[in-house]
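Each value in this text was obtained by applying a stated rule to the coordinates, not by laboratory testing. Note that the structure is a prediction, hence the values are computed from the model and not measured. Cβ placement follows ideal geometry from the backbone for every residue including glycine, while neighbour counts extend to all protein chains displayed.
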Amino acid sequence: MYIYKTEIMKVGVKFWSDKANDEDAASLDALLNQRAAEGWELVTYDYMATSSQIKGAFIITFRRAQQ
C-alpha cells in the first residue's frame, strides 16, 4: 500500500507567455531530487497555466510505500 503526497509548486511570473521556462524546469528538478532523497517516487505532474497568463504552477504527486 502507498501513501500519496501532492504539492503545488508556483512558477515565475510570465508577462508574454504562460509556458514554463528553463528556470521553472530547474526548480522542478530540484524538488524531484529532494523528494526522491526522502523516499518519494514521482507519480505524475502537470503544468497549470492561469487564465490571466501571468502566473502558473506545477501540481506534482508523489508516492512511497506505507511504513
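Based only on other Cβ atoms within 10 Å, what is the fewest-to-most ordering of Val43, Val11?
In order of increasing Cβ crowding within 10 Å: Val43, Val11.
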Open item on the list: 5 Å is the cut-off here: which amide hydrogens, built 1.01 Å from N in the peptide plane, fall below it relative to Glu41, excluding neighbours closer than 5 in sequence?
Closed with: Arg63, Arg64
Task: Estimated vicinal HN-Hα couplings, Hz - region 32-46 in sequence order (Karplus 6.51, -1.76, 1.60; Gly, Pro = x) - done: 4, 5, 5, 5, 4, 5, 8, x, 8, 10, 5, 9, 7, 8, 8
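When the chain is fully extended, how far beyond the present Cα-Cα distance does Glu41 get from Ala26, taking 0.36 nm per residue of separation?
Here the segment from Glu41 to Ala26 would lengthen by 3.6 nm.
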TODO: Neighbouring Cβ atoms within 10 Å as the yardstick, rank Leu32, Leu42 fewest first.
DONE: Leu42, Leu32
